[in-house]
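**Student:** Have a look at the structure that comes next, please.
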There are 2 protein chains.
Amino acid sequence: MKTIGVFDSGFGGLTVLRELLKLVPDARYVYLGDTARLPYGSKSRETIARYAISSARFLADQGAELLVIACNTATALAIDDIRAALPIPVIGVVEPGTQAALAAAKSGAQGLQRAEVVVLATSATTQSGAYSRSLNAAGLRATEKACPLLVPLVEEGWLEQPAHKAVTLEVLRIYLLEVLEQAPSANILLLGCTHYPLLKPLIETTLQTLRHPMQIIDSAAAAAQTVATTIAPYMRAHEDVRPECFFYATDSIEKFQRLGSIFLNQPLSEVRLVDLGG
Amino acid sequence: MKTIGVFDSGFGGLTVLRELLKLVPDARYVYLGDTARLPYGSKSRETIARYAISSARFLADQGAELLVIACNTATALAIDDIRAALPIPVIGVVEPGTQAALAAAKSGAQGLQRAEVVVLATSATTQSGAYSRSLNAAGLRATEKACPLLVPLVEEGWLEQPAHKAVTLEVLRIYLLEVLEQAPSANILLLGCTHYPLLKPLIETTLQTLRHPMQIIDSAAAAAQTVATTIAPYMRAHEDVRPECFFYATDSIEKFQRLGSIFLNQPLSEVRLVDLGG
């Protein structure tokens, strides 16, 4: 049974793990949320790289044979540093997201020529320009939009209770209006933050309100698909396997269990506290 | 000239420094924003204490003879730990905020008997119960309300542009309605986070809309007043002095200068990057 390390600054990476558990159940998962130092999305490249490398090394020390950077910010700003620091294969979320957008563009009604992608992400991710570089290299036009209020709204769970949901819908409307002013013919929307899959129903509602339909691509699901493809040759071909999951966090275990179960969409087994310094 | 250390997890403490520059101009100020590890407001007591002590020690090493914890979360959760770790006097924001609320209660039309305080603060501050303990010990009834979305809204500057301001007003309306349901006769509103002074005009608007007037107490201004009183015996009695300010941050200097000037309400002179580990 392969050991797969999954790393995020916090809880968002659990949306990637949720997809992995479906696609690659025959594995042992070690998840680290660097919650004492989150959020990464508002910090500098140097700080993010330093935090991400110490986190990645911890997972390699726990036996990870493959590492998934389930954090768009860490992928966008530090994947080369992480790859250089570790002796195991490292899969991020930007490249799989790009490939999924490319597949959507090719199969879309308007075709590859007219495809135009909007990427919603944190400030640090958009400032890095990693998605634009990756999407442009794949032949796709792209516009990135920093949406720094979405992570706090998701972490506060302002998604269902009517007054709360109305605020989140209004914030989404503002962000989407702003980016569609820059990219009025965009037809693919790439969710470039692992918190955003939880917003998908509200994003769909907002796009309907704006009368601007777009195909929504989730980089969390795309990354899980890439892991499944990468690891397929090593997997055993029997059924009824159950994945093993080990969770580590650098801050409050209670909060990790409470919030994490929302992102993973199932209760979290035991979470252990780990001190990475700082 | 006395050296005063001022510490916050980020930029909010600059609202305390802004008041200090007015009240105690004859001093040398060393300010540290622990921006690589912010926000403290969503983290555990152990983590906050560890971060706050290493930050406080840094300021003592820079020559601080008096330390102001210009951060409600660090004060509420770690002031005893910080005092135990440092050989210099330490002033937090909770006790001055309480004293200002008490003064307001005594001078208010309804008198001390009917005074009832609502405290708006971060999740970690409200969970600590520090304000309730302090206010109750002063003979005041108190209800605390965690408002975790206010810091991100202030940091994004969603205060003026009409669509942005409307979102912030709606979030304030939701938080205030929720707390006034618990404390319907509250007449004093204590701002228990150093980001919140920037929201004061919007809070006043919201209270008018809700037809629930309250006296607003700002713990940042109250803490500066306490420092002025504490330090008065040591001050020279001449005019035309200009304070000296030195700024340190643990993450992006560019962001610190840009956001910090909004909180300080004047441009920041040189900011230096410091590595406290982590």
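**Student:** Taking helices (runs of 4 or more DSSP H) that fall entirely within the stretch B:49-130, which contain at least 1 residues that are modelled with pLDDT of 95 or more?
**Tutor:** B:72-85, B:94-107, B:123-128
**Student:** Moving on. Of all residues in the stretch B:151-161 being of a type outside the set (Asp, Glu), without any contact (Cβ under 8 Å) to a residue 60 or more places away in the chain and within 10 Å of chain A (Cβ to nearest Cβ), which is surrounded by the fewest Cβ atoms within 10 Å (Cβ to Cβ)?
**Tutor:** Per the stated criteria, the residue is B:Gln161.
**Student:** Step by step: first the residues of the stretch B:27-72, then only those that are within 18 Å of B:Asp251 (Cβ to Cβ), among the β-branched types (Val, Ile, Thr) and touching a strand residue (DSSP E or B) at 6+ places or on another chain (Cβ under 8 Å), then the one that is nearest to the other protein chains (Cβ to nearest Cβ). Which residue is that?
**Tutor:** Among them, the one singled out is B:Thr35.
**Student:** Just checking, does the stretch B:138-146 include any residue being hydrophobic (A, V, I, L, M, F, W, C) and over 22 Å from the mean Cα position of the chain (by Cα)?
**Tutor:** Within the stretch B:138-146 (the criterion being hydrophobic (A, V, I, L, M, F, W, C) and over 22 Å from the mean Cα position of the chain (by Cα)), the answer is no, since none of the residues qualifies.
**Student:** Could you tell me which of the residues A:Ser252, A:Ser261 is within 27 Å of B:Ile48 (Cα to Cα), out of contact with any Phe, Trp or Tyr (no Cβ under 9 Å at 6 or more places or on another chain), touching a residue at least 24 places away in the same chain (Cβ under 8 Å) and surrounded by 11 or more Cβ atoms within 10 Å (Cβ to Cβ)?
**Tutor:** The conditions single out A:Ser252.
**Student:** Hey, another quick one. Quick check: anything in the stretch A:114-129 within 14 Å of another protein chain (Cβ to nearest Cβ) and out of contact with any strand residue (DSSP E or B) (no Cβ under 8 Å at 6 or more places or on another chain)?
**Tutor:** Within the stretch A:114-129, one or more residues are within 14 Å of another protein chain (Cβ to nearest Cβ) and out of contact with any strand residue (DSSP E or B) (no Cβ under 8 Å at 6 or more places or on another chain).
**Student:** Now for a separate question. Does any residue in the stretch A:162-190 that is more than 14 Å from every other protein chain (Cβ to nearest Cβ) come within less than 9 Å, Cβ to Cβ, of a residue that is among the charged types (D, E, K, R) and in a helix (DSSP H, G or I) six or more places away or on a different chain, and which pairs are these?
**Tutor:** That search, which allows pairs on different chains as well, returns A:Ser185/A:Arg114; A:Asn187/A:Arg114.
**Student:** Which condition number does B:Asn136 fail, the rest of (1) touching an Asp or Glu at 6+ places or on another chain (Cβ under 8 Å); (2) part of a helix (DSSP H, G or I); (3) more than 14 Å from every other protein chain (Cβ to nearest Cβ) being met?
**Tutor:** (1)
**Student:** Next question. Check B:Gly12, B:Gly33 and return the single one that is in contact with a His (Cβ under 6 Å, 6 or more places away or on another chain) and touching a residue at least 12 places away in the same chain (Cβ under 8 Å).
**Tutor:** Exactly one residue qualifies, and that residue is B:Gly12.
**Student:** Can you go through B:Glu170, B:Glu144, B:Glu178 and tell me which one is of a type in the set (Asp, Glu) and within 21 Å of B:Ala104 (Cα to Cα)?
**Tutor:** Just one listed residue meets the conditions, B:Glu144.
**Student:** Let me ask something additional. Starting from residues that are touching a helix residue (DSSP H, G or I) at 6+ places or on another chain (Cβ under 7 Å) and in a helix (DSSP H, G or I), keep the ones in the stretch A:35-48 and report whichever is farthest from A:Pro267 (Cα to Cα).
**Tutor:** Out of the qualifying residues, it is A:Arg45.
**Student:** Determine which single condition B:Lys2 fails, assuming it passes every other condition in (1) in contact with a helix residue (DSSP H, G or I) (Cβ under 8 Å, 6 or more places away or on another chain); (2) crowded, with 22+ Cβ neighbours inside 10 Å; (3) over 26 Å from B:Leu150 (Cα atoms).
**Tutor:** (2)
**Student:** Tell me the residue from A:Leu169, A:Leu177, A:Leu199, A:Leu207 that is touching a Pro at 6+ places or on another chain (Cβ under 8 Å) and in a helix (DSSP H, G or I), please.
**Tutor:** A:Leu207
**Student:** Residues B:Leu32, B:Leu17: which one is buried (at least 24 other Cβ atoms within 10 Å of the Cβ), in the same structural domain as B:Ser261 (by TED's automatic domain parsing), at pLDDT 95 or above and not in a helix (DSSP H, G or I)?
**Tutor:** Just a single option satisfies the conditions, and that option is B:Leu32.
**Student:** Report yes if B:Glu270 is out of contact with any strand residue (DSSP E or B) (no Cβ under 8 Å at 6 or more places or on another chain) and without any contact (Cβ under 8 Å) to a residue 60 or more places away in the chain, otherwise no.
**Tutor:** So B:Glu270 fails the test.
**Student:** Of these, B:Asp251, B:Asp240, which one is outside any helix (DSSP H, G or I), among the acidic types (Asp, Glu) and away from chain A (no Cβ under 14 Å)?
**Tutor:** B:Asp240
**Student:** Can you confirm whether the stretch A:100-121 contains a residue that is at positive phi and either touching a residue at least 60 places away in the same chain (Cβ under 8 Å) or not assigned by TED's automatic domain parsing to the domain that holds A:Leu21 (or both)?
**Tutor:** Yes, the stretch A:100-121 has at least one match.
The rows are residues; the columns are (1) under 26 Å from B:Glu156 (Cβ atoms); (2) outside the structural domain of A:Ala124 (by TED's automatic domain parsing).
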position: A:His164; (1), (2): yes, no
position: A:Leu176; (1), (2): yes, no
position: A:Ala183; (1), (2): yes, no
position: A:Ala186; (1), (2): yes, no
position: A:Thr209; (1), (2): yes, no
position: A:Thr230; (1), (2): no, yes
position: A:Ile262; (1), (2): yes, yes
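The values are calculated or read from the model by the stated rules, or taken from the named source; none is laboratory data. Since we're looking at a predicted model, the values are computed, not measured. Heads up, the Cβs are rebuilt from the backbone with ideal geometry, glycines too, and the neighbour counts pull from every protein chain shown.
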